[in-house]
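Take a look at the structure set out below.
The values are calculated or read from the model by the stated rules, or taken from the named source; none is laboratory data. All values reported here derive from a predicted model rather than from experimental measurement. Because the Cβ atoms are built from the backbone with ideal geometry, glycine has one as well, and the counts that use them run over all protein chains shown. Heavy atoms of the whole protein, side chains included, go into the accessibility calculation; ligands, DNA and RNA do not. Shrake-Rupley method; radii C 1.70, N 1.55, O 1.52, S 1.80 Å.
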Amino acid sequence: MRLTYVLILAFACGIACADDGKPAIVLEESPASVDEAMERLSGRTKELDGKLTEIQAAHLKATRDAEAKAIGWLKQIARFEVGKGQLTRATEAWTEVLKLDFSDKEAREFFTTIGRLDVVQAQIKRERDDSKKPLSRTMFVCESGRVFKKISDGKWEDTAPNHRGIHREVRTDATGVLLEQIDNSTFHWLTATRFYWNTPKNRHLWHIDEPGVWER
C-alpha cells in the first residue's frame, strides 16, 4: 500500500512538471538568524560577482574581436587608397587603425615613411586626454536645469528647482563619476553625456535619466 502511494505521488509530480515543461519551483526556507541571513547574502553576492566577472570577460573579448575586425577593414581601405595615390584618405584610415591599436606595426611604418608619426601620435594622445576631461570636471548641468556641482572634500551638491541634496564622491574612472546621495544612499552615475541612478534595493538596475553636459 505504501509503495502504491509513493508511486502515485511520483506520477503526479511528473505530470505537474511536464505541464509546461518547466521545473517545479522550490521555495527557499527563511533563515532562522541574522548570521544565517547575512551568510546567505554573502554567498549570493559572491555568486553574482562571479557571473559579472564572466560577463565582463565575455564583453571584453567581444569588443576586442570587433576592434580586430574593424582594423582589418581599415587596413584594406588604407592600402586601396595608397594604391590609388590618395594619401589623404589613406592617412585617415591609418590614423583610425592607430587609435584602435597604438602599436600597430603597419600603421606606424606608414606614418614613419611619410614623416608624420610624431604628429599623429600627439594628435591621438590629445584626443584621448580630451575625452577624459569630463571625468575631472566639477559641474554637470542637465537639460532640465538640475546641476551636480563639486563643492569640497569629495562632496557634490545636487540642486534643482524643488530639490537639494548632498553626495559623496565614490569613484571616478573611465566610465564616469559615481556619487552616493548621503541622506538615502541613492547612486548617481555622471557620464560624458547623461546621468544614471539606482537605489540601495536595486544596485544592479541602472535607470537612464536625462541628458546633460559638463560645463567645467
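Kindly indicate whether residue 192 is touching a helix residue (DSSP H, G or I) at 6+ places or on another chain (Cβ under 6 Å), open to solvent by less than 70 Å² (accessible area, probe 1.4 Å) and over 30 Å from residue 82 (Cα atoms). Full working, then the answer.
Details: touching a helix residue (DSSP H, G or I) at 6+ places or on another chain (Cβ under 6 Å): yes; open to solvent by less than 70 Å² (accessible area, probe 1.4 Å): yes; over 30 Å from residue 82 (Cα atoms): yes.
In short, yes.
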Evaluate the following for residue 180: is it assigned to a strand (DSSP E or B) and open to solvent by 40 Å² or more (accessible area, probe 1.4 Å)? no
Consider residue 104 against the criteria (1) open to solvent by less than 50 Å² (accessible area, probe 1.4 Å); (2) under 30 Å from residue 205 (Cα atoms); (3) among the acidic types (Asp, Glu): it satisfies all of them except one. Which criterion is unmet? (2)
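Check whether at least one residue in the range 119-127 is over 30 Å from residue 99 (Cβ atoms), without any contact (Cβ under 8 Å) to a residue 40 or more places away in the chain and among the hydrophobic types (A, V, I, L, M, F, W, C), and report yes or no.
Scanning the range 119-127 turns up no residue that is over 30 Å from residue 99 (Cβ atoms), without any contact (Cβ under 8 Å) to a residue 40 or more places away in the chain and among the hydrophobic types (A, V, I, L, M, F, W, C).
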Determine which member of the set 166, 208, 151 is open to solvent by less than 60 Å² (accessible area, probe 1.4 Å), part of a strand (DSSP E or B) and more than 30 Å from residue 93 (Cα to Cα). 166
The lone exception for residue 126 - which of (1) among the basic types (Lys, Arg); (2) assigned to a strand (DSSP E or B); (3) loosely packed, with under 11 Cβ neighbours inside 10 Å it fails: (2)
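Within the range 132-139, is there a residue that is without any contact (Cβ under 8 Å) to a residue 12 or more places away in the chain, open to solvent by 50 Å² or more (accessible area, probe 1.4 Å) and either in the same structural domain as residue 160 (by the TED database) or closer than 30 Å to residue 192 by Cα (or both)?
In the first step, residues of the range 132-139 are kept if they are without any contact (Cβ under 8 Å) to a residue 12 or more places away in the chain; the result is none.
Checked against the condition, which is being without any contact (Cβ under 8 Å) to a residue 12 or more places away in the chain, open to solvent by 50 Å² or more (accessible area, probe 1.4 Å) and either in the same structural domain as residue 160 (by the TED database) or closer than 30 Å to residue 192 by Cα (or both), the range 132-139 yields no hits at all.
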Residues that are in a strand (DSSP E or B) and farther than 30 Å from residue 51 by Cβ: does the range 198-205 have at least one? no
Looking at the range 36-86, which of the residues that are open to solvent by 90 Å² or more (accessible area, probe 1.4 Å) and either at pLDDT 90 or above or closer than 16 Å to residue 104 by Cβ (or both) is farthest from the chain's Cα centre (by Cα)? 84
